[in-house]
Amino acid sequence: MAAPAVPLLDRRLLFVTGKGGVGKTTVASALGVLAARQGKRTLVCEFDAKGNLADFFGSEPTAFDPIEVHQGLFAMSMDTEESLKEYLRLQIKVPLLAKIGPLARTLDFVANAAPGVKEILTVGKVAWEVKEGHYDLVIADAAASGHVVAQISAPQAIGELVKVGLVREQTGWLSEILDDAATTGTVIVSAPEEMPVSETLELADRIRADTRVDIAAVAVNRVLPELFGRGEEEVFEALAAPGARERLDALVGHPTSPLFDAARLAVTLRRTRAEHLDRLRRELPADIPLLYLPELFTRTHGSRATHQVAEALAAELGLEA
Amino acid sequence: MAKKPAPLPPPATFEQLLSTREIVVTCGSGGVGKTTTAAAAGAMAAVHLGGKVLVLTVDPARRLATALGLEQFGNVETQVPAEAFAAAGVEPRGELWVAMLDMKASWDDLVERYAPDEETREAILANPLYQNITGKFVQSHDYIAMERLYEIHVSGRYDLIIVDTPPTRNAIDFLEAPERMADFFSSRLLRWLTAPARSRILSTASKPFYSMADRILGSQFLQDIADFFLLFQTMYDGFVERARSIERTLADRSTTFIVVSTLDTAPAREAEFFIEALSERELNLGALVLNKVLPPFFVDPDAGATAEQVCRESADLAERVVADGVGGLTDAGQVTRVLREMGESFVNYRVVATREAEEAAVLGERPGLVAAVPYLESDVHDVAGLLELGERLWT
Ligand SMILES: Nc1ncnc2c1ncn2[C@@H]1O[C@H](COP(=O)(O)OP(=O)(O)O)[C@@H](O)[C@H]1O
Ligand SMILES: Nc1ncnc2c1ncn2[C@@H]1O[C@H](COP(=O)(O)OP(=O)(O)O)[C@@H](O)[C@H]1O
Ligand SMILES: [Mg+2]
Ligand SMILES: [Mg+2]
């Protein structure tokens, strides 16, 4: 890895992945907001057909046809049947068109069973948007860790199983887009907890071993703020000591014990997460950039939260928000 | 067929639940604590109730697996060693056994069992699509979990089996897995797909499909798929019958479900949805476990008012602390910062706790057993930790 890393938002296609529930959609939407703010025409595509991308923009429900949710920012959700239809429309001549409906449904079944076919319809769609130059940046809110490797290595899998046919012919240009680090990268979303950290480390290994797609960054979500700075923990303990706390109670005029219990809990939570974060830092290959995103307290989802995470990302990436 | 007996009234305590039921299934969204709850319930049952208890788990965190002696055992059932309990200072009355689901081995077992003859079996196991396909269609993880549960239950080796469910995208998926497996084998699509070997040319309905599919995928690949499903179809009867038996077992009154959730919005929504799904299917909801919840003092109005006051008056209070010599402190600036941090942190978590209280109220509307388990000091990774969590369930 001699070449310097390509700045995240200067790529054309990003796959956001990670353990379920860690904040993939949050990060994908925030990246979209940020890119659009930089003047890039941006598409966020949610792969999960039953997902909730619209909530993150406070927009109308998303569908296969992109909708503009902010100036220059578009959102869509993947639908492999629609993707197949679109693809057939582009590839196959008019007389057969009428038959595409039911056929697509049947093919969808084959696609479900046959390795790589559904994946290629999914990945092929977003890569197609890049190839055709419809957008400056396409952000895929991709599958969770378990499945994303199959998605981004679909051209290889298909290449091995399918020897001829239209699908096979698509694998060439697709690989060119996916395998070029200047064009495409993955963003692994993680959280400072045991299982998400383990999954991130395993996933980073697998992406490097089984695919040729670059890992652009690991975004650690829900990092807790540090409660006390240098020397302050000692002050806290002095206030909490027997005798001292009663005198503080008298000064305040109310019992302060819940504040002390709360602070201890906050310190414990922060410390536990810090340990997991340390492990991630230690065990992740050093050339993968880490981005830290804070725990949100007031609003944890919806368009407000998306914008707050976008601010945090801007700071991490050294961009003007 | 005998009429389904009326469901038992929901148990009043965890002790009652674990004493009376034979199968307990923990379910919920990913990361909420299903595996931990299953293991904790198992440990509590082994310690307090006795008997032979099996925890059938899917994805234990590494340290927990190590502590339970689950490292290299795959599908094999292993007993948690006495030393693991001794380290927690207890001597269990019964035995705690654990097993981990091994997908590949379980599928191979099924093929062994239902393939009509040796030749078919070998052909299926050797088919290049076999692994890929079994790994992907009809939620095979879920099906395998239910299948293994049934197998072990019928064997009569345990008094109590606690099953941890796989991290499906959608908690409901595994409930439907047996049904979907049966449907899959009876589906017209499967018959259609496997038709070419019999009547490919004759069927005018499927001809355009095949010519289109040929162009897209290539005929060799299609043939590979068809061959595979043809082999797979020979196991139809076995699979369908088995799927029905599993469904019956899940619906039996000796089986109960524990829904686990944190009070984060997304998992709570999923738990709500799941509780609904259980009741639609007339399955037994035994308990709701609210895990990793914040302590109740965060929503105490007096404590909140005090926190706000401390934020507001931190500088003033700090000066008086220093002036009065409280705790021997001398740096008023530092004391101000500490007091303000304490107040602000409290107010931050109060927002979260308020949201949690609302989720708890919504989820707790169901009658029955609800247990709230707080955030424990650290991850739960040994028998002592499991019992500490288990105590919170018990009381
Ligand atoms: N930085 C954060 N602070 C607090 N809560 C968060 C944060 N990021 C995500 N969440 C919570 O986690 C939930 C799941 O996030 P989401 O992006 O939908 O995850 P995924 O797409 O990976 O399943 C959100 O609804 C939100 O409540
Ligand atoms: N009450 C709790 N307090 C602290 N940590 C917990 C608690 N319950 C579970 N955990 C931790 O949370 C993580 C996820 O739990 P796990 O049981 O593996 O979830 P699931 O099986 O639902 O994915 C584990 O690291 C576990 O130790
Ligand atoms: Mg999502
Ligand atoms: Mg689990």
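The values are calculated or read from the model by the stated rules, or taken from the named source; none is laboratory data. The structure displayed is predicted, hence computed values, not measured ones. Here the Cβ positions follow ideal geometry from the backbone for every residue, glycine too, while neighbour counts run over all protein chains shown. Heavy atoms of the whole protein, side chains included, go into the accessibility calculation; ligands, DNA and RNA do not. Shrake-Rupley method; radii C 1.70, N 1.55, O 1.52, S 1.80 Å.
Computed values, structure above
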| item | result |
| --- | --- |
| Per-residue [θ]222 nm for the protein assembly as shown (sum of -39500 (n - 2.57) over DSSP H runs n ≥ 4, rounded to 500) | -17000 deg cm²/dmol |
| Proportion of all alpha-carbon pairs of the stretch B:296-359 beyond 14 Å (%) | 58 percent |
| Given 11 as the ceiling on other Cβ atoms within 10 Å, longest exposed-site-free region of chain A for GluC sites (Glu not before Pro) in DSSP loops | A:133-319 |
| Label-to-label distance, nm, for residues given as B:THR20 and B:ARG269 (7 Å Cα→Cβ offset) | 3.5 nm |
| Accessible area buried between chains B and A, both sides summed, probe 1.4 Å, in Å² to nearest 100 | 6000 Å² |
| Inter-chain shielding of B:263-271 (mean C-beta neighbours from other protein chains, 10 Å cut-off) | 2 |
| Under-5 Å amide H pairs with A:PHE74, H placed in peptide plane, nonlocal only | A:THR42, A:LEU43, A:VAL44, A:VAL69 |
| Calculated from backbone phi, Karplus (6.51, -1.76, 1.60) coupling profile of the stretch B:146-151 in Hz, x at Gly/Pro | 5, 4, 5, 4, 4, 4 |
| Under-5 Å amide H pairs with A:LEU224, H placed in peptide plane, nonlocal only | A:GLU295 |
| Out-of-range pairs (alpha-carbon distance over 28 Å; input A:LYS19/A:LYS85; A:LYS118/B:LYS104; A:LYS85/B:LYS104; A:LYS131/B:LYS104; A:LYS85/A:LYS131) | A:LYS19/A:LYS85; A:LYS85/B:LYS104; A:LYS131/B:LYS104 |
| DSSP-defined beta bridges in the protein assembly as shown - what % are antiparallel, rounded to 5 | 10 percent |
| Cα gyration tensor category, rounded, prolate or oblate, for the protein assembly as shown with a/c compared to 1.5 | oblate |
| Interchain or long-range residues, amide H under 5 Å from B:ALA372's placed H | B:LEU290 |
| J(HN,Hα) series, the stretch B:329-344, from Karplus relation 6.51 cos²θ - 1.76 cosθ + 1.60, nearest Hz, glycine and proline x | 7, 10, 9, 4, x, 5, 4, 4, 4, 5, 4, 5, 4, 4, x, 5 |
| Net charge contributed by nearby residues that have their C-beta within less than 13 Å of A:THR184 (K/R +1, D/E -1) | -2 |
